[in-house]
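Scroll down for the structure; my scribbles are underneath it.
FYI, it's all coordinate maths here, none of it is from the lab. Everything numeric in this text was worked out from a predicted model, so none of it was measured. Please note: Cβ atoms are built from the backbone with ideal geometry, for glycine as well, and neighbour counts cover all protein chains shown.
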Amino acid sequence: MTDKTTRLGRLTLPIERGIDAEVRALVERLGADAVRNSDGTELPEWVDRAFAKVYSTYFPARGDEEWADQSEGERIHQYLSSNAHTAPESGPLCIDVMEGWFQAQFRPDTQCDTSRWWQVIDRTSGEVVDPSQWSVEDVPAKPIVDPVPIVGDLPKNAGSAVVTIHSPEPFHVYTVSFFAVQVWDSTQMYNYLTNDWALEEGRVKERPFDVAFPRTWEHVKDALAAWLKANPQVDVVRFTTFFYHFTLAFDSRGRERYVDWFGYSASVSIPAMEEFEKEYGYALTPEDFVDGGWYNCPFRTPTPVFKDWIDFTSKRVAQKAGELVRQVHEEGREAMMFLGDNWIGMEPYGPYFPSIKMDAVVGSVGSAATCRMISDIPGVRYTEGRFLPYFFPDVFREGGDPLGEANESWRTARRAIVRSPLDRMGYGGYLSLALKFPEFIDRVEEILGEFRSLHEATGGEKPACAPVRVAVLNAWGKLRTWQTHMVAHALWYKQIHTYLGVIEALAGLPFDVRFMSFDEVIDGGDSSLKEVDVVINAGAANTAFSGGEVWEDLRLQDTLRRFVARGGGFIGVGQPTASVGTQGNADRGGICRGSVFALSDVLGVDQEISWSLSKDRYEEPVSEHFITADLDGDYIFGEDPGDVVVTDPDTSVLVMERGSVRASAHDFCSGRGVYLAGLTWSTANSRLLHRAIMWAAHAEDQWESVLSSSNPDVEVAWYPESALAFVYNDADAPRSSEISGQGGQILVELAAGEGRWVDWGNGQLL
């Protein structure tokens, strides 16, 4: 076999036992320079460093069932809320806390001091019920009404608890926030349900343990040291990830009940909460995590307490992860982090991540936005994207369409890779499944060639950006760079697709993009925006993305108004700057500004919530405008944000639907404001946003500065140092386009999803 150093490289393939010849042939054919195992597979004994760089998954906080037996009290914990129950007219109220939760995944922790670490709340009045007014009783597990055979029997220690509220207020609604033990790892549960693990002999339901306990932490370090010595063939330790899983909770029938990829619910423990109190000077309560049953989801404007918990968790996770990485480095190996599964506390754009000294990050690529989320991570030597489809039986089966998924995955990710290249690409799952689909393997070979060309043709040069700097303004800011409006792996989500298109479009557009928090603007004032040309605020009212009550802070309003008045651009999408429910008469405790959008004067539009229906309005859409010049057909904005009306007769209404403004443009002093009702992802909407940004920045005359395409389905990247252009078709059908700029023009004809290089100096396709 050819030495690995002479291969084309930049590819990692999953391999498994029992298909030795097939693995060797495919690695050679595709030019893979790295191989890996997957969760649930083991590397063949013959794999060594002479074959390819070897990655191996490693789980610091699960997979050691002997230790799990020896550390029963040191499990991962999570705060859960019981179902809400209404108190009877008289007598006590009894609540079974595990009602609706999966007994194979959780059990209530009744061994802790429940009066301290549990909480009963009257949700009608908002009052916390004194622990003297309620009691806790252990009860046996209940049989699953609709069994899930694939999961199997309940654990021996499964059970529940009943909380009795002795004298509740009649007809008030109550919940119990309870401390729960994770008795089964969340990712394992997913694999049992998705990949039929219960059908495989020898499978063990792994129980996660918590490094917050000193005994367990010392064991984790010792276990890694032993593993490194026992696996000298491994070049790269792929941590999957570290200690705390994102929130993934199943219901009583084994179905997903609550999923939050950003959730910190499973990062709690009594030692951690006690340490937090010493460091921050105040005690945490169960409600700080349960949050009324919303569990601090990313749509919620984060409370100061929750931001403190994120900071605290990230700091202690980074410290412990850094110790494990040092162990790996001392043994001469690389440390890689998988951005998924147990990633909580490993915020890659947070202040502590660089201190870990991770060599690489790999993550799942499901869109342009998820791709940029990985490729832009600072402080690592290289990044790797794990492309879809995973080699799992949900796709690689009769009736599945792995080829179609591969094409879609590449088309969407390529937009981001062009702008900020991943260093490597790879796949996950079971190679034996993929080998049954030769046309899929053929397509992967083609994709690899194009991916490698983006590195080789340009010599590492990134394409030129338009002379416009864009900031996305929300509550999370830099911490959640490229993660705004995201759920996980680009899954479709009704309430966010209206806004996720903004991020998806920006991921592949030729702009310098940064993410800013409201606090950053409030604290920094005018200086916070000195390196920004256009600000985007997108989201539904009263969310972390639009801002909600933060817009009652006059410092935020004043800074943005000055920014636009002095020549800046402001683009509002959906219900931007809205604070519905707080505005009103000054004597009612609100600010009497007479608008829902705090910056309605900048945008020239406002939302109608039936408070000003007596006003007559006479909107007249304009027939032509720079922003909508490429809009061919209807503007698909997504979910209806409500009735939006013109507040300034000088506002240019670009799109109207059923008497409501869906797109508009407005001059404000020396600056410009743009309103869009939404931006669900499409190539047409990406072009719309592209033009809106250029117009808001007064940069219409620089439209062709980095080359332009006449067809929105065809994008182009300009490499001035190499005098090359990369032209690529985002559609699943052939497209033609005129490419213009830099004193030249060329017509290109592209097959479905095709990308071509152009020698711009000669005007020739390569």
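Roughly what % of DSSP beta bridges within the stretch 469-702 run antiparallel, to the nearest 5? That works out to approximately 45 percent antiparallel.
Between Tyr280 and Lys615, the FRET efficiency estimated from the beta carbon spacing at R0 = 41 angstrom works out to 0.25. Across the stretch 649-657, computed HN-Hα scalar couplings (Karplus, 6.51 cos²θ - 1.76 cosθ + 1.60, θ = phi - 60°) run x, 7, 5, 8, 7, 8, 9, 10, 9 Hz from first to last residue, x flagging Gly and Pro.
Its relative contact order, with pairs defined as Cα atoms under 8 Å and 6+ residues apart, puts the chain at 9 percent.
Restriction of the chymotrypsin sites (Phe, Trp or Tyr not before Pro) in the stretch 644-746 to DSSP coil positions whose beta-carbon has at most 16 other beta-carbons within 10 angstrom yields no sites. Rounded to the nearest whole Hz, the Karplus-based 3J(HN,Hα) values (6.51 cos²θ - 1.76 cosθ + 1.60, θ = phi - 60°) of the stretch 522-535 follow the sequence 4, 6, x, x, 4, 5, 5, 10, 5, 10, 10, 9, 9, 10, with x at glycine and proline. Going through the stretch 11-81, which chymotrypsin sites (Phe, Trp or Tyr not before Pro) have at most 14 other Cβ atoms within 10 Å and a DSSP loop state? The qualifying sites are Trp46. When both bridge partners sit in the chain, DSSP labels roughly 60% of those beta bridges antiparallel.
Shape descriptor for the stretch 346-404: Rg over Rh equals 1.13 (Cα atoms; Rh from the Kirkwood inverse mean 1/r). Can you give the FRET efficiency for Glu28 and Arg257, using 1/(1 + (r/R0)^6), R0 = 56 Å, r = Cβ-Cβ distance, to the nearest 0.05? Efficiency, rounded to the nearest 0.05: 0.75. Determine which residues of the stretch 295-313 fall in the zone a paramagnetic label at Leu491 would reach in this model, i.e. backbone nitrogen under 19 Å from the point 7 Å along Cα→Cβ. Within reach of a label on Leu491: 295-300. Between Asp20 and Glu446, residue separation times 0.36 nm minus the direct Cα-Cα distance comes to 151.0 nm. Taking a ≥ b ≥ c as the square roots of the Cα gyration tensor eigenvalues, with a/c under 1.5 meaning rounded and otherwise prolate when a/b beats b/c, else oblate, which class fits the stretch 504-584? Cα axes put the stretch 504-584 in the oblate bin. Placing a label point 7 Å from the Cα of Asp526 along the Cα-to-Cβ direction, the residues of the stretch 564-578 with a backbone N closer than 19 Å are 564-570. In plain terms, the bigger the Kirkwood radius, the slower the diffusion; for the stretch 708-765, with that radius from Cα pairs, at 10 °C and 1.306 mPa s, Stokes-Einstein puts D at 143 µm²/s.
Distance between the pseudo-spin-label points of Arg562 and Glu398 (7 Å out from Cα toward the beta carbon): 7.0 nm. Straight-line cross-link partners of Lys357 among the aspartates and glutamates, defined as a Cα under 14 Å from its Cα and at least 8 positions apart when in the same chain: Glu323, Glu330, Glu334, Glu347.
Annotation: amide H-H contacts under 5 Å for Leu13 (H modelled 1.01 Å from N, sequence separation of 5 or more, or interchain): Ala34, Val35, Arg36.
Backbone amide hydrogens, once placed in the peptide plane, bring Ala161 within less than 5 Å of Val97, Met98, Val139, excluding anything fewer than 5 places away on its chain.
For the chain, the percent of C-alpha pairs falling in each 10 Å distance bin, counted from 0 to the bin holding the largest distance, reads 2, 13, 21, 24, 21, 13, 5, 1, 0. In this structure, the residue pairs whose Cα-Cα separation is over 31 Å, taken from Lys205/Lys436; Lys229/Lys478; Lys205/Lys278; Lys320/Lys530; Lys320/Lys478, are Lys229/Lys478; Lys205/Lys278; Lys320/Lys530. Annotation: extensible slack from Gln702 through Leu765 equals 20.2 nm (criterion: 0.36 nm per residue apart, minus Cα-Cα distance). Here Lys315 and Ser740 are evaluated by their C-beta separation; at R0 = 51 Å the FRET efficiency comes out at 0.50. Once backbone amide H atoms are built at 1.01 Å from N, Thr241 has Asn342, Trp343 as its partners under 5 Å, excluding neighbours fewer than 5 places away on the same chain. Neighbour counts of other Cβ atoms within 10 Å put Leu554, Leu193, Leu454 in the fewest-to-most order Leu554, Leu193, Leu454. Principal semi-axes of the equivalent ellipsoid, √(5λ) from the alpha carbon gyration tensor of the stretch 654-716, are 22, 18, 7 Å from largest down. Across the stretch 555-560, computed HN-Hα scalar couplings (Karplus, 6.51 cos²θ - 1.76 cosθ + 1.60, θ = phi - 60°) run 5, 5, 4, 4, 5, 5 Hz from first to last residue, x flagging Gly and Pro.
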